[in-house]
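Here is the structure we will look at.
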Amino acid sequence: MKWVYVSDLSHHVGEAVELRGWVYNARSSGKIRFVLLRDGTGVVQCVVAKGQVSEDVFEKTITLTQESSIIVHGTVRKEDRAPGGYELDCKDVKVLQVAHEYPITPKEHGVEFLADRRHLWLRSSRQVAILRIRHRIVKAIRDFFDGRGFTLVDSPILTPAACEGTSTLFETEYFDLGKAYLTQSGQLYAEAGALALGKVYCFGPTFRAEKSKTRRHLSEFWMVEPEVAFYDLNDNMELAEEFLEYIVQTVLKSSAQELKVLERDTRFLENVQKPLPRITYDEAVEILKKKGIDFEWGNDFGGTDETVISEQFDRPVMVHHYPAKVKAFYMKRDPQNDNLALALDVLAPEGYGEIIGGSQREDSLDALLHRIREHNLPQEAFEWYLDLRRFGSVPHAGFGLGLERTVSWICGLDHVRETVPFPRMIYRITP
Ligand code: 4AD
Ligand code: MG
């Protein structure tokens with residue numbers, strides 16, 4: 001008997017096949033048992049009729065509970081009324097294990113209850129859809145860069161110094177060499193890669209000891225960071241808009257089924273096509289003022305500010321030229337105005353806020369030395385980074401896209417905790 005997956009049933013109509021999976025739901029109607037089987041690729045109704053299977057098998061199916069593991073044999077039938085379009089007429093059911101009192105039932109559960117059982121919660125159709133879309137986004141990200149001549153250059157996770165400010169560092173002892181920190185961003189190493197290979201990206205886990213309990217913050221998240229030699233801020237923005245268009249359009253094409261499970265209204269996603277609107281920080285501040293928000297020029301935007309700004313647009317908006325004071329030490333200043341950094345943030349619409357942060361990098365050795373002192377960073381730890389400005393320094397730029405925030409936006413979720421298999425947050429490290 002050929003073992004097939006639910007997603008492939010359309011190729012096996014009229015054939016006898018084997019399915020392996022778990023009971024999603026089971027109910028009886030007289031002499032018929034309806035067993036919904038899920039196998040990770042989909043759900044199909046298996047019809048177990050008295051007389052069509054042995055007496056013993058029929059009795060055993062009565063004991064089936066949610067999440068019991070089973071192997072069934074039967075014939076595939078096209079059934080237009082069935083959710084997936086097919087049903088299985090069973091000839092045999094093998095029970096591997098009867099699951100006793102599976103804690104997650106079809107009724108409503110509180111989110112903490114579910115989060116405590118994340119290892120089981122992953123089996124629900126919603127979570128399966130999210131994880132599948134996450135996977136497709138990761139693949140789209142890789143395909144985008146790989147198809148444009150970028151080389152993947154992995155950045156280390158254990159690092160000797162901060163990259164994005166010292167307030168969110170996770171610290172650990174590192175043998176006899178003192179303190180090490182979990183990386184906040186792979187960027188500094190990607191810069192070395194860009195000066196070696198031209199166009200590179202790194203893509204891996206990053207860490208922030210964020211004290212925030214918002215729907216946008218995780219303490220461990222994935223970031224993809226392209227970095228390109230000889231790019232300026234403008235080139236960076238063009239790359240960012242082309243990148244976002246590619247990801248969103250690819251997911252719309254590949255994941256219609258999953259987006260339907262999530263009841264995602266895709267109208268705003270369809271709009272994600274270049275050119276994306278570009279506004280300066282000053283113009284963003286004007287928007288806030290017009291909306292009656294008390295905002296002082298020079299501050300960074302908070303979550304609510306970002307929501308208000310992004311709500312003025314029906315697609316992601318690129319905000320550039322931020323006050324240098326609120327941005328990282330490595331950002332190049334605007335040659336026309338030293339108070340401004342050649343920075344770029346992309347805010348996602350529908351209130352999702354910042355998904356991309358990036359900039360043109362400071363390429364002058366003197367200016368960078370000055371910044372490192374200004375930010376009270378240990379110069380020794382950055383000597384290797386300063387070498388990039390000593391030996392063939394060139395203009396260069398890049399950005400980082402937060403994977404979980406992107407998944408949250410594309411899936412239309414309320415919180416980033418559902419975008420990652422096992423979320424790490426200020427108040428959660430289990431399961
Ligand atoms: O804006 P950030 O801090 O930029 C950097 O780290 C740069 N070094 C990137 C670069 O230029 N190569 O972070 C980039 C993105 C944010 O826009 C956001 O999407 C995500 O990373 N991010 C977080 N996602 C989830 N939880 C957190 N605590 C996050 N902090 C940042
Ligand atoms: Mg940022």
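The values are calculated or read from the model by the stated rules, or taken from the named source; none is laboratory data. Quantities reported herein were computed from a predicted structural model and do not represent experimental measurements. Note that each Cβ is placed from the backbone with ideal geometry, even for glycine, and that neighbours are counted across all protein chains shown. Just so you know, the surface numbers come from the protein's heavy atoms only, side chains and all, with ligands and any DNA or RNA stripped out. Shrake-Rupley method; radii C 1.70, N 1.55, O 1.52, S 1.80 Å.
General observations
- Every residue from the range 241-279 that is within 17 Å of the chain's Cα centre (by Cα) and among the small types (Gly, Ala, Ser): Ser254, Ser255
- Arg134 among the charged types (D, E, K, R) and surrounded by 15 or more Cβ atoms within 10 Å (Cβ to Cβ): yes
- Matching residues in the range 353-376 - criterion: being among the polar types (S, T, N, Q), within 14 Å of ligand 1 (Cβ to nearest atom) and either open to solvent by 10 Å² or more (accessible area, probe 1.4 Å) or modelled with pLDDT under 95 (or both): Gln360
- Meets criteria (within 15 Å of ligand 2 (Cβ to nearest atom) and in a strand (DSSP E or B)) for Val224: yes
Matching residues to (1) in contact with a strand residue (DSSP E or B) (Cβ under 8 Å, 6 or more places away or on another chain); (2) farther than 30 Å from Lys211 by Cβ:
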position: Trp121; (1), (2): no, no
position: Gln127; (1), (2): no, no
position: Leu131; (1), (2): no, no
position: Ile137; (1), (2): no, no
position: Ile141; (1), (2): yes, no
position: Leu152; (1), (2): yes, yes
position: Thr166; (1), (2): no, no
position: Thr172; (1), (2): yes, no
position: Gly178; (1), (2): no, no
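- Per this entry, Ser408 is not counted among residues that are surrounded by fewer than 21 Cβ atoms within 10 Å (Cβ to Cβ), assigned by TED's automatic domain parsing to the domain that holds Met237, modelled with pLDDT of 95 or more and of a type in the set (Ser, Thr, Tyr).
- Number of positions in the range 19-43 that are open to solvent by less than 20 Å² (accessible area, probe 1.4 Å) and either more than 11 Å from Cys90 (Cβ to Cβ) or not assigned by TED's automatic domain parsing to the domain that holds Arg81 (or both): 3
- The set of residues in the range 377-410 being more than 26 Å from Asn234 (Cα to Cα) and away from ligand 1 (no atom under 15 Å from the Cβ) consists of Pro378, Gln379, Glu380, Ala381, Glu383, Trp384.
- Listed by first and then second residue, the pairs linking a residue in the range 205-217 that is assigned by TED's automatic domain parsing to the domain that holds Thr166 to a residue that is of a type in the set (S, T, N, Q) and more than 7 Å from ligand 1 (Cβ to nearest atom), with Cβ atoms under 6 Å apart and 6 or more places separating them unless they lie on different chains, are Thr206/Thr183; Arg208/Thr168; Ala209/Thr168; Glu210/Thr168.
- Restricted to the range 167-189, and to residues there that are hydroxyl-bearing (Ser, Thr, Tyr) and without any contact (Cβ under 8 Å) to a residue 60 or more places away in the chain, the residue that is nearest to Leu403 (Cα to Cα) is Thr183.
- One residue stands out in the range 140-164 among those that are open to solvent by 40 Å² or more (accessible area, probe 1.4 Å) and touching a residue at least 60 places away in the same chain (Cβ under 8 Å): the one that is nearest to Asn376 (Cα to Cα), namely Glu164.
- Subset of the range 103-117 that is part of a loop (DSSP other than H, G, I, E, B) and touching a residue at least 24 places away in the same chain (Cβ under 8 Å) - its residue that is surrounded by the most Cβ atoms within 10 Å (Cβ to Cβ): Arg117
- Filter result (touching a residue at least 24 places away in the same chain (Cβ under 8 Å) and either open to solvent by 70 Å² or more (accessible area, probe 1.4 Å) or closer than 17 Å to Glu354 by Cβ (or both)) within the range 284-300: Ala284, Ile287, Trp297, Asn299, Asp300
- Pairs with Cβ under 6 Å, 6+ apart, first in the range 70-93 and under 12 Å from Leu19 (Cα atoms) and in contact (Cβ under 8 Å) with a residue 24 or more places away in the chain, second open to solvent by 40 Å² or more (accessible area, probe 1.4 Å) and of a type in the set (Lys, Arg): Ile71/Arg20; Ile71/Lys94; His73/Lys91; Gly74/Lys91; Glu87/Arg77; Asp89/Arg77
- Among the residues examined, Lys91 does not qualify as open to solvent by 50 Å² or more (accessible area, probe 1.4 Å), modelled with pLDDT under 95 and in contact with a strand residue (DSSP E or B) (Cβ under 7 Å, 6 or more places away or on another chain).
- Filtered residue count, the range 75-88, keeping only those that are touching a Phe, Trp or Tyr at 6+ places or on another chain (Cβ under 7 Å) and open to solvent by less than 30 Å² (accessible area, probe 1.4 Å): 2
- Tally of residues being part of a loop (DSSP other than H, G, I, E, B), in contact with a Gly (Cβ under 9 Å, 6 or more places away or on another chain) and surrounded by 21 or more Cβ atoms within 10 Å (Cβ to Cβ) across the range 167-216: 4
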